[in-house]
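The values are calculated or read from the model by the stated rules, or taken from the named source; none is laboratory data. Please read these numbers as outputs of a predicted model, since none were measured by experiment. Cβ placement follows ideal geometry from the backbone for every residue including glycine, while neighbour counts extend to all protein chains displayed. To get the accessible areas, we keep the full protein, side chains included, count just its heavy atoms, and leave off ligands, DNA and RNA. Shrake-Rupley method; radii C 1.70, N 1.55, O 1.52, S 1.80 Å.
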Amino acid sequence: MNEADAALVTGAIKKYYLDHHDMVPTPDKISRREFGYQVGGGSMVRHLSYADERALRVMLVGTAPSDVYCSNACYRFPTFAMKEKSWLDASLIFDIDAKDLGLPCRVGHSILVCAECARVSPAAAGKCAACQSQKVTVRSLPCTKCAAASLKEVAKLREILVDDLGMDDSSIHVYFSGNEGFHVHVDPGSFDALGSRERAELADYIMFKGAIPEAYGVPRAPGAKLGLPGPDDPGWRGRLVRSLGAAPAKKAARAGHAEFQKTLGSAGIGARIDPQVTTDIHRIFRMPGSINGKSGLAKVPVPDGSKFDAYTESCLIDSAKVDITAECPHRFVLGGRRFGPYSAKDTSVELYAAVYMICKGFAAAR
Amino acid sequence: MKGFGTLEYAQYPFLEGVGRYVKDSGFGIEQFGHDSDLIPYVDRAMERIMAATRGQIYSSELDRGDIDHTLLDKETFSFVIAVIILKICGKHSLIKRFALAESRRAEKFLERNLGRDSGGGSTTAKVLAELFSVDVRYNPRGYAIPISDYIRHSAHFHEREWKLVNRMVTGGDVLLSAHQAVRLLRHELGNYIQNHITRVSAPPMMPNFAGHIAKLNEIAKELEPEYVVVSGEHPPCIKHALEVLKRGENLPHSGRFMLATFLFGRGWTVEKIAPLFKDAPDYNERTTMYQLKSISGGDGKTRYNCPLCDKLRTQNLCHETAECNGIVSPLQFGTRRK
Ligand SMILES: [Zn+2]
Ligand SMILES: [Zn+2]
């Protein structure tokens with residue numbers, strides 16, 4: 001990103017934080033949190049602390065960071081080096097990323113930005129179409145299918161959190177990350193004191209990972225009596241039978257312990273969270289309401305139950321027209337408008353779209 | 001106050017309220033130590049200790065369901081006296097064996113009582129709550145334990161059946177059988193008893209105890225284990241863990257895991273590591289070998305790496321010194337240049 005690009009993006013972000021200061025809720029126990037940020041997508045500044053809401057606002061407007069993060073953990077000394085922070089607790093967080101879902105639509109909305117010549121090629125090309133370089137970065141364009149599939153995982157996660165882990169539905173807060181993923185924040189509760197290893201157990205549970213046939217009524221000894229769960233059984237027991245169907249479940253169980261183990265492994269019923277995010281108890285996590293520097297879109301709450309258009313709701317940067325040069329082989333929809341394809345041409349677009357394309361690396365300010 | 005009675009005190013004589021109970025019954029350590037009428041209590045205390053030194057679990061009329069009031073008091077008092085004798089004697093090897101044997105004994109009562117209980121607010125559930133700060137509730141499907149309490153204990157078990165995904169989970173609780181509930185907590189029972197003994201202060205020698213203590217000193221000499229000599233190049237966390245084991249104290253599972261993964265990282269074999277654990281209060285050769293093998297990545301499983309310093313800090317296993325020189329893994333100790 002050159003100077004003109006950076007000025008355009010930083011200016012837009014500064015205006016966003018001036019106009020939308022109510023979008024970024026102040027974390028509770030703010031003085032116990034570690035903050036961090038990047039400016040212009042540059043290196044991360046960490047171990048920061050803000051005494052109150054005002055101090056946080058001053059930083060947001062004054063620095064206009066491309067990305068701003070806050071720990072889900074509380075520390076006695078949030079600004080100290082990690083090992084001296086004195087960790088107190090951390091609320092649960094989950095990350096569901098469309099990238100990890102292996103969807104067939106991906107290739108159709110991924111583009112390659114060349115590290116050598118900065119030109120843009122479709123993902124199908126496999127390398128830079130202009131200079132043949134292999135040094136390319138994959139960037140993804142908005143995709144409603146990806147968003148819908150991710151939200152399906154969010155719904156699975158929510159069901160497990162409420163039915164199995166006993167959480168109150170109102171304590172679960174879902175956000176669109178502003179780029180490709182969804183973040184789930186859980187209000188403080190009984191899990192906050194758990195360490196990383198304990199959280200890994202929770203993550204495995206949520207992903208339905210590590211299940212053994214014995215626990216689902218299929219003993220190791222051949223010919224031993226089966227005790228398959230019923231469809232109304234709580235937790236994974238019931239969910240497994242409902243997903244397989246009673247008759248196929250019985251058939252799989254009769255095929256023996258080893259076969260049933262395979263059935264468990266391929267059931268695909270777990271919620272596909274990123275376990276590293278959940279088990280990292282020292283993470284700083286993108287703040288709700290903040291701008292995502294990978295896209296210029298905001299991390300916005302996803303209301304439960306209603307229809308949610310991620311790529312409209314998160315488009316909160318100004319829509320004044322600006323001039324850019326853009327190159328993008330695919331059409332995409334942002335803020336309810338269509339953009340592209342562009343073949344390295346000068347054009348004039350809404351500021352939010354300009355910021356989006358500059359952040360993604362396929363446009364430059366003019 | 002907690003609603004425990006003579007029966008609970010007899011079965012779980014290490015409960016907080018026992019000291020008060022003994023006092024309220026009109027007895028004191030001085031009397032047990034001097035009064036010749038009370039020698040039968042002292043003899044019974046000695047029976048308990050002797051059984052433990054032989055690796056046995058002391059059993060009495062109480063196990064067979066006799067709940068006569070004088071018998072119950074005899075059970076309670078004999079435990080209290082045994083602890084005093086052990087404290088005066090001061091031999092870790094004996095205390096360790098005693099704590100282990102007594103925890104096995106209590107475990108039997110816990111399991112038996114839980115199996116009989118029905119309805120919430122049972123006395124056994126109260127005992128568990130007092131000992132482990134775990135909220136156990138009876139439910140028609142089993143014993144309900146909050147998930148966070150369950151994981152705190154189970155996350156360090158290596159058997160896959162203990163994974164949360166392999167348990168009945170509903171509404172924030174894990175449902176366990178009485179047997180499973182006791183197994184979940186048994187590891188801590190030994191710790192609890194050992195800590196209880198540690199906190200008791202040793203009174204001066206008393207006539208009723210003198211002969212017994214002389215005998216115990218003899219036995220302790222035979223039991224005093226020989227140690228594997230370990231070179232000094234280990235980082236302080238590992239040295240500390242080795243010392244804990246040497247003293248015959250309990251090293252938590254996270255500590256054993258750290259020690260084993262560290263030594264595997266240094267190229268030690270299962271056979272070389274296993275003997276280090278033989279003085280642990282709950283040592284069981286088969287279990288130890290099994291656990292070491294599964295950590296080592298034998299049987300085609302994934303090999304576990306030694307946890308990083310950050311992690312060990314959160315587990316209170318780090319005993320950093322200047323020599324650590326800012327390493328991030330214990331395995332880097334002494335290997336870092338400049
Ligand atoms: Zn190129
Ligand atoms: Zn897609």
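Cα extents for segment B:135-184 along the principal axes, largest to smallest and rounded to whole angstrom: 28, 21, 17. Specify the residue with the greatest mean-square fluctuation among B:321, B:288, B:53, computed from a Gaussian network of chain B linking alpha-carbon atoms under 10 Å apart. Maximum among the listed residues: B:321. Inter-chain Cβ neighbour count for A:195-204, averaged per residue, equals 6 (cutoff 10 Å, partner chain atoms only).
Rounded to the nearest 500, the helix-only mean residue ellipticity at 222 nm of chain A stands at -8500 deg cm²/dmol, with each DSSP H run of n ≥ 4 adding -39,500 (n - 2.57).
The string of couplings for segment B:42-53 from the Karplus curve (6.51, -1.76, 1.60, θ = phi - 60°) is 5, 4, 5, 4, 5, 4, 4, 5, 4, 4, 5, 5 Hz, one whole number per residue in order, with x for Gly and Pro.
Return the ratio Rg/(2.2 N^0.38 Å) for segment A:208-266, where Rg is computed over Cα atoms only.
0.98
In the elastic network of chain B, a GNM with C-alpha springs shorter than 10 Å, the most mobile of B:136, B:270, B:165 is B:165. Note on chain A: GNM, Cα springs under 10 Å; of A:298, A:253, A:193, the largest mean-square fluctuation is that of A:253.
When the accessible area of segment B:135-184 is split by element with a 1.4 Å probe, what percent falls to carbon and sulfur? So the carbon and sulfur contribution to the accessible surface is 44 percent. For chain B, the per residue solvent-accessible surface stands at 46 Å², with DNA, RNA and ligands left out and a 1.4 Å probe.
Could you sort out which of A:360/B:163; A:156/A:262; A:99/B:163; A:209/B:108; A:83/A:152 sit more than 30 Å apart by Cα distance in this structure?
Pairs exceeding the cut-off: A:360/B:163; A:209/B:108; A:83/A:152.
Would you mind classifying segment B:236-332 by shape? Square roots of the alpha carbon gyration tensor eigenvalues, ordered a ≥ b ≥ c; an a/c under 1.5 is rounded, otherwise it is prolate if a/b is larger than b/c and oblate if not. Verdict is oblate for segment B:236-332. Applying 1/(1 + (r/R0)^6) with r as the Cβ-Cβ distance of residue A:243 and residue A:333 and R0 = 45 angstrom yields a FRET efficiency of 0.85. If you roll a 1.4 angstrom probe over the protein chains with everything in place, what fraction of the accessible area of chain A belongs to carbon and sulfur, to the nearest %? Carbon with sulfur: 52 percent of the solvent-accessible area. So how tilted is helix A:144-159 from the main axis of chain A? Cα-based, degrees 0 to 90, rounded to 10. Taking Cα atoms only, the helix is inclined about 40 degrees. For chain A, find the longest principal axis of its Cα atoms and tell me its angle to the long axis of helix A:53-63, 0 to 90°, nearest 10. Here the helix axis deviates by roughly 50 degrees.
Classify the protein assembly as shown as rounded, prolate or oblate, taking a ≥ b ≥ c as the square roots of the eigenvalues of its Cα gyration tensor: rounded when a/c is under 1.5, otherwise prolate if a/b is larger than b/c and oblate if not.
Here the protein assembly as shown falls in the prolate category.
For segment A:5-66 versus segment B:105-171, the spacing of their alpha-carbon centroids is 46 Å. The long axis of helix B:236-246 is offset from the longest Cα principal axis of chain B by roughly 40 degrees.
For the segment B:143-153, counting C-beta atoms of other chains within 10 Å of every residue's C-beta and taking the mean gives 4. Please compute how much accessible surface disappears when A pairs with B, both sides summed, using a 1.4 Å probe, and round it to the nearest 100 Å². Summed over both sides, the interface buries about 2400 Å². With a/c under 1.5 counting as rounded, go ahead and sort segment B:162-305 into rounded, prolate or oblate using the C-alpha gyration tensor (a ≥ b ≥ c being the square roots of the eigenvalues; past the cut-off, prolate if a/b is larger than b/c, else oblate). Oblate is the answer for segment B:162-305, as a/c is 1.5 or above yet b/c matches or exceeds a/b.
Convex hull volume per residue, computed on the Cα atoms of segment A:229-366, equals 196 Å³.
Within the accessible area of segment B:1-115, what % is carbon and sulfur when the probe is 1.4 Å and the other protein chains stay in place? In segment B:1-115, the share of accessible area belonging to carbon and sulfur is 50 percent.
Per the Kirkwood formula applied to alpha carbons, segment A:276-318 shows a radius of gyration over Rh ratio, Rg over Rh, of 1.05. Amide hydrogen proximity for residue A:136: with H placed 1.01 Å from N in the peptide plane, the residues at 5 or more positions away or on another chain lying under 5 Å are A:115.
Evaluate E = 1/(1 + (r/R0)^6) for residue B:198 and residue A:31, where r is the Cβ-Cβ distance and R0 equals 35 Å; express this FRET efficiency to the nearest 0.05. That gives a FRET efficiency of 0.35. Largest accessible area first, the residues B:159, A:159, A:34, B:218 order themselves as B:218, A:159, B:159, A:34 under a 1.4 Å probe with ligands, DNA and RNA left out.
Using every pair of separate Cα atoms, the Kirkwood estimate puts the hydrodynamic radius of chain A at 22.6 angstrom.
The alpha-carbon of residue A:250 sits under 13 angstrom from the alpha-carbons of these aspartates and glutamates, leaving out residues fewer than 8 places away in its chain: A:259.
Computed over chain B, the P(r) curve from all C-alpha pair distances, binned at 20 Å from the origin, holds 27, 53, 19, 0 percent per bin.
Per-residue accessible area (protein heavy atoms, 1.4 Å probe) orders B:69, A:20 as B:69, A:20, starting from the largest. Between the alpha-carbon centres of segment A:89-142 and segment A:330-360 there is a gap of 17 Å. Assuming R0 = 51 Å, what is the FRET efficiency of residue B:123 and residue A:131, from their Cβ-Cβ distance, to the nearest 0.05? Using R0 = 51 Å, I get an efficiency of 0.05.
Once divided by 2.2 N^0.38 Å, the Cα radius of gyration of segment A:155-225 becomes 1.46. Scalar couplings 3J(HN,Hα) for segment B:282-288, obtained by applying the Karplus form with A = 6.51, B = -1.76, C = 1.60 to θ = phi - 60°, are 10, 4, 9, 4, 4, 4, 4 Hz; x denotes Gly and Pro.
In segment B:1-89, which GluC sites (Glu not before Pro) are in a loop and have at most 14 other Cβ atoms within 10 Å, using DSSP for the loop call? Present the calculation step by step, with values, prior to reporting the outcome.
Numbers: sites: B:8, B:16, B:30, B:47, B:61, B:75; in loops: B:16.
Listed in order of number, the matching sites are B:16.
For residue A:181, the residues 5 or more places off, or on other chains, whose built amide H falls under 5 Å of its own are A:98. Note on B:171-177: average number of Cβ atoms from other chains within 10 Å of each residue's Cβ is 4.
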